[in-house]
Amino acid sequence: MPSPKLTSHKVRSFTGAALHQIAMPIGGIGTGTVSIGGRGHLTDLEIYNRPWKGNTPRNTFFALWFRQRGKPAVTKVLEREFLPPFTDLMGGGFEQNHAAGAPRMREAIFIGEYPFARIELRDPDVPLRVELETFNPFIPLNDDDSSIPCILLKWRFTNTGNKAVEASFLTAFSNPINRLKLGEDGWQSSINGYDPGGSTNSVHASANLRGIAMANPSIDPASEFAGTAYVGLVGTDEQPAPAADLQTRWYQGGWWDGLQMLWNDFSDDGRVEERLDAFAAPAGRFNECTLCAPFTLKPGESREFTVLFTWHLPNVRNYWNPGESVHNAMLRNWYATRWNDAQEVAQYVADHLDRLDAETRRWHDTFFNSTLPSAVLDAASSQASIMRTTTCLRLDDGRLYAFEGCHCAGGCCPMNCSHVWNYEQSLAFLFPGLERSMRLTDFIHNTNADGKMVFRTLLPLSSDAFWSFEAAADGQMGTILKAYREWQLSGDDEFLRALWPGVKRTLEYAWHNANPHAWDRDKDGVMEGRQHNTYDIEYFGPNSMMGALYLGALRAASLMAQYLGESDKAAEYQSLYESGRSRLESMLWNGEYYVQKIQVADLLIVPESLQSPLDPFPKYQYGPGCLSDQLLGQWLSHAVGIGHVLDPRHTKRAMQSVYKYNWRAGLRHIANMQRVYALNDEAGLAIVTWPKGGRPQLPSVYADEVWTGIEYQVAAGLIYEGEVDAGLSIVEGVRARHDGVRRNPWNEFECGNHYARAMSSWSLVLALSGYHYSAPEQRIGFAPKVNAANFRCFWSTGSGWGEYAQRATASSLKATLRVAHGELTLRQVDLGATSKGAVKLQYATQLSADAEQPDVDVKQTRGVTAILFSAPITLRAGDELEITARSA
């Protein structure tokens, strides 16, 4: 089994009690997932187009039988022993359908570098080294092969003793295609278990695949429960699928007779009696199947088995929207447009496994073979898993749709919430095509003729079904910045032109008389009106959270307008930006940070529900407080490549103040009457503090909470402003809270599990590498903030990805840009300043195709050494560009 390359940074490993909370979700984008638990067990079977936390599949496990000459045979379930507590929610013992009483391995060591999980199972009574590696294909820029509904489990057994071992590997699986018992709770739903019956298992074998196809013909094909699944053993290009005993059904008896008979049969001689007949489970009964592969290992030998589980449930019911025109509407998964059933999915994976495996490892190795701090790699990679959980849907139009997060049995806060997804950067830089699909929904579907953009999407998309609520000021302005980002990453002029009418309307809604909330009715570049935002409240009066987003949107729109030849619009937006920047600085800067000037704009009426009985202004304001999100728009402007939209001296001081006042090394003495996501001795970043007094009696509703998505945003913001140590201390504090004992490292929650805001963690990679890219300008740049003398990191654009490395001294810099996937066309490379004087330059290329090397010129401005090519140069996968710059 080719394991992911161990990297130079310190890899977090988990063992003992730290395994308890671990559940890494494995699955494709928009397909649902199965999680691999810390003990090596499968859990959270969430393949039913909805979340289902805690759904450990019944009678589904792997087992090992072995025997050495002169010793009795031993049978063990290939999981670590259970961790306390040993009671279920009803106060009893374990449910009987998980073989909980069977012998298990003594200990496990879990290493997760998403999308790979590697588990070593240890037991002094087992003369084999037992290793499991599990993943799903994850290939940036390859949306389709990263959207396969499957999980691959690669088992490796190595004889570490001096005697031959006779052994057998067993896979037990319960057919998951059954009806669910659903309950309704308002617009949400709950899952009350399965309603089994009618499921069938049948053998499917080909040269490179041998296993069991699972179905349920008793379910209406139009039902949300209709579908198929498959479990099998996969061969390789060199070897066919392993020989195995197959059982399409277990012994049918009462109580737990089937499990008992299987255990007896397997424990006897490491084989099982084959049953290959078709069998439909009676009403109320499940249907289990078995694959059993015997093998022998001489001392030092190894044997590998790759288990493939695929699923295919094509029909998605809209259970989340209450509107009559959309509630219970049937939608269709994207993967159903490519494969007809789970068997076809499995055959595709088997046929392409070597390529899918190699390309996924290439991504893994490129990303983790980095000199970025371990906590940053951990945060960015682990939270990239969110896009492949039930937080996200990918429907048959190819577009991505997403909740904010997942409750235990349903999505949280549907759908494509613009203000929460403002924070996300992972999808944008790894799968920019899917991110562009979200902008199409934002600007072409969700924006009306007056420029109001609804900040939640109803499905299916319809010309007469829209979210009925006021516009979100932060979501609307942030989406303009994201449109600029998508254009910069892709260089797709057709895409930009398609969005541009909506972008203009969306921006100008700020001062349009159709906006009842008077964001910027006097058109001076500062929002004064009622501003709904991501805190589920409205801010009244100027504040830098909305203000910096507005300035960033104006600047981005000016640049796009200029590119498109609309010079009048470009000048209008630029003038408004400059006015707003000047006014915002004079109105809100208090010497340490930006505050809110609470005021109710003319013609605005504050509803009684927002009138505070204790304060002389509306409820839920922050006034003189220090808001962690005060420079959200500045952070986003940095991430998309615009740079400073506010005074750089002030932004640096403001970020220092956020860290000084809002970051707490421990929370024991903090009173939080709101939702609690960090507590006791844990470090955390409060959303608002009032270091100079003036806290309202009814403050901003989430003021005392701790959200990881904001913590990462602030950490990256600190790094952008040169406060690297402070930023990294926040990242380390967040990841310390997710240590496997307290919380799951692969599930940072807020209002729901796998919360999208946590994908702000990718901005840490951007900030620390000083990365920027413009496809229209064919320009890429790096200015590392850490380990600059010997730096290496991953980069990605809309057309390719790879590795940037540099070695620097006081008088020279050697930079290498390598393309690992796709291609990259460049006219300019920007590097951190190599010296204060003139520069001598050498460059060389290793290209896969014959091409002339263009002449180069060098310019140094504002701490940047720019290498300009006289003609574009294209690097393809495997190509390198090497630049050496020395002081003259």
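Could you tell me whether any residue of the stretch 711-733 is closer than 25 Å to residue 623 by Cβ, part of a loop (DSSP other than H, G, I, E, B), open to solvent by 10 Å² or more (accessible area, probe 1.4 Å) and touching a residue at least 60 places away in the same chain (Cβ under 8 Å)?
Within the stretch 711-733 (the criterion being closer than 25 Å to residue 623 by Cβ, part of a loop (DSSP other than H, G, I, E, B), open to solvent by 10 Å² or more (accessible area, probe 1.4 Å) and touching a residue at least 60 places away in the same chain (Cβ under 8 Å)), the answer is yes, since at least one residue qualifies.
State yes or no: is residue 614 aliphatic (A, V, I, L, M) and over 30 Å from residue 723 (Cβ atoms)?
Yes, satisfied.
I'd like to check something: does the stretch 131-151 contain any residue that is charged (D, E, K, R), closer than 21 Å to residue 311 by Cα, in contact with a strand residue (DSSP E or B) (Cβ under 6 Å, 6 or more places away or on another chain) and not in a loop (DSSP other than H, G, I, E, B)?
Checked against the condition, which is being charged (D, E, K, R), closer than 21 Å to residue 311 by Cα, in contact with a strand residue (DSSP E or B) (Cβ under 6 Å, 6 or more places away or on another chain) and not in a loop (DSSP other than H, G, I, E, B), the stretch 131-151 yields at least one hit.
So the check is Cβ under 6 Å with 6+ separation or different chains; which pairs have a first residue in the stretch 328-347 that's assigned to a helix (DSSP H, G or I) and a second one that's of a type in the set (D, E, K, R)?
Close Cβ pairs satisfying both conditions: 334/394; 334/396; 337/396.
If you check residue 119 against the conditions, is it under 18 Å from residue 12 (Cβ atoms), of a type in the set (Val, Ile, Thr), surrounded by fewer than 21 Cβ atoms within 10 Å (Cβ to Cβ) and touching a residue at least 40 places away in the same chain (Cβ under 8 Å)?
No.
Listed residues 703, 678; which is open to solvent by less than 20 Å² (accessible area, probe 1.4 Å), assigned to a loop (DSSP other than H, G, I, E, B) and under 21 Å from residue 382 (Cβ atoms)?
Result of the check over 703, 678: 678.
Can you find, within the stretch 24-80, the residue that is nearest to residue 191 (Cα to Cα) among those that are in contact with an Asp or Glu (Cβ under 8 Å, 6 or more places away or on another chain), buried (at least 23 other Cβ atoms within 10 Å of the Cβ) and of a type in the set (A, V, I, L, M)?
Only one residue tops the list, namely 34.
Is there any pair with a first residue in the stretch 371-388 that is open to solvent by 10 Å² or more (accessible area, probe 1.4 Å) and a second that is part of a helix (DSSP H, G or I) whose Cβ atoms are under 6 Å apart and which are 6 or more apart or on different chains, and what are they?
373/728; 375/731; 375/732; 375/735; 378/735
When you scan the stretch 457-476, how many residues do you find that are open to solvent by less than 20 Å² (accessible area, probe 1.4 Å) and under 23 Å from the mean Cα position of the chain (by Cα)?
Count: 5.
Right, residue 741: modelled with pLDDT under 95, outside any helix (DSSP H, G or I) and open to solvent by 10 Å² or more (accessible area, probe 1.4 Å) or not?
Here the answer is no, as residue 741 does not meet what is asked.
Could you please find all residues in the stretch 777-806 being in a strand (DSSP E or B) and under 17 Å from residue 866 (Cα atoms)?
779, 780, 781, 782, 804, 805, 806
Scan the stretch 765-774 and tell me whether some residue there is farther than 30 Å from residue 46 by Cα and part of a loop (DSSP other than H, G, I, E, B).
Yes, the stretch 765-774 has at least one match.
Which pairs turn up if I take residues in the stretch 567-596 that are part of a helix (DSSP H, G or I) and look for partners that are open to solvent by 10 Å² or more (accessible area, probe 1.4 Å) and of a type in the set (Val, Ile, Thr) with beta carbon separation below 6 Å, at least 6 apart in sequence or on another chain?
So the pair list comes out as 588/595.
Can you find even one residue in the stretch 792-810 that is more than 21 Å from residue 773 (Cβ to Cβ), open to solvent by 30 Å² or more (accessible area, probe 1.4 Å) and either aromatic (Phe, Trp, Tyr) or touching a Ser or Thr at 6+ places or on another chain (Cβ under 6 Å) (or both)?
The answer is no; no qualifying residue exists.
Would it be correct to say that residue 571 is among the small types (Gly, Ala, Ser) and under 32 Å from the mean Cα position of the chain (by Cα)?
No: the conditions fail for residue 571.
Has the stretch 92-108 got any residue that is over 24 Å from residue 365 (Cα atoms) and either among the polar types (S, T, N, Q) or within 23 Å of the chain's Cα centre (by Cα) (or both)?
Scanning the stretch 92-108, I find at least one residue that is over 24 Å from residue 365 (Cα atoms) and either among the polar types (S, T, N, Q) or within 23 Å of the chain's Cα centre (by Cα) (or both), so the answer is yes.
Could you look through the stretch 216-258, keep only residues that are among the charged types (D, E, K, R) and open to solvent by 20 Å² or more (accessible area, probe 1.4 Å), and pick out the one that is modelled with the lowest pLDDT?
The selected residue is 237.
List the pairs whose first member sits in the stretch 432-452 and is in contact (Cβ under 8 Å) with a residue 60 or more places away in the chain and within 19 Å of residue 488 (Cα to Cα), whose second member is among the charged types (D, E, K, R) and open to solvent by less than 10 Å² (accessible area, probe 1.4 Å), and whose Cβ atoms are under 7 Å apart, counting only residues at least 6 apart or on separate chains?
Every condition considered, the pairs that remain are 432/486; 439/482; 439/486.
Give me the residue from the stretch 499-527 that is at pLDDT below 95 and small (Gly, Ala, Ser) and, out of that set, surrounded by the fewest Cβ atoms within 10 Å (Cβ to Cβ).
514
Does residue 250 qualify as being of a type in the set (Phe, Trp, Tyr), over 39 Å from the mean Cα position of the chain (by Cα) and more than 23 Å from residue 151 (Cα to Cα)?
Spelling it out, it is not the case that residue 250 is of a type in the set (Phe, Trp, Tyr), over 39 Å from the mean Cα position of the chain (by Cα) and more than 23 Å from residue 151 (Cα to Cα).
Give the stretch 844-870 a look and list any residue that's under 19 Å from residue 819 (Cβ atoms) and open to solvent by less than 40 Å² (accessible area, probe 1.4 Å), or say none.
845, 854, 867, 869, listed by residue number.
Across the stretch 165-213, which residue is modelled with the highest pLDDT among those that are surrounded by fewer than 16 Cβ atoms within 10 Å (Cβ to Cβ) and outside any strand (DSSP E or B)?
207
Condition (residue is touching a strand residue (DSSP E or B) at 6+ places or on another chain (Cβ under 6 Å) and closer than 27 Å to residue 480 by Cα) applied to the stretch 663-679: is it met by at least one residue?
No, that holds for no residue.
Given 573, 594, which one is of a type outside the set (Asp, Glu), more than 24 Å from residue 490 (Cα to Cα) and open to solvent by less than 20 Å² (accessible area, probe 1.4 Å)?
The unique qualifying residue is 594.
Residue-wise test of (1) closer than 25 Å to residue 442 by Cβ; (2) not in a loop (DSSP other than H, G, I, E, B).
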position	(1), (2)
370	no, no
376	no, yes
383	yes, yes
394	yes, yes
397	yes, no
401	yes, yes
409	no, no
418	yes, no
421	yes, no
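Being open to solvent by 20 Å² or more (accessible area, probe 1.4 Å), under 30 Å from residue 243 (Cβ atoms) and more than 25 Å from the chain's Cα centre (by Cα): is that true of residue 328 here?
No, not satisfied.
Select from the stretch 597-632 the residues that are among the charged types (D, E, K, R) and modelled with pLDDT under 95 and write down the one among them that is surrounded by the fewest Cβ atoms within 10 Å (Cβ to Cβ).
The selected residue is 608.
Per-residue answers, yes or no, for (1) within 30 Å of residue 250 (Cα to Cα); (2) surrounded by 15 or more Cβ atoms within 10 Å (Cβ to Cβ):
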residue: 292; (1), (2): yes, yes
residue: 296; (1), (2): yes, no
residue: 299; (1), (2): no, no
residue: 311; (1), (2): yes, yes
residue: 317; (1), (2): no, yes
residue: 320; (1), (2): no, yes
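The values are calculated or read from the model by the stated rules, or taken from the named source; none is laboratory data. Note that the coordinates shown come from a computational prediction; the quantities given were computed from them, not determined experimentally. For neighbour counting, all protein chains shown are included, and Cβ atoms are generated from backbone atoms with ideal geometry for every residue, glycine included. These accessible areas exclude ligands, DNA and RNA; they are computed on the full protein's heavy atoms, side chains included. Shrake-Rupley method; radii C 1.70, N 1.55, O 1.52, S 1.80 Å.
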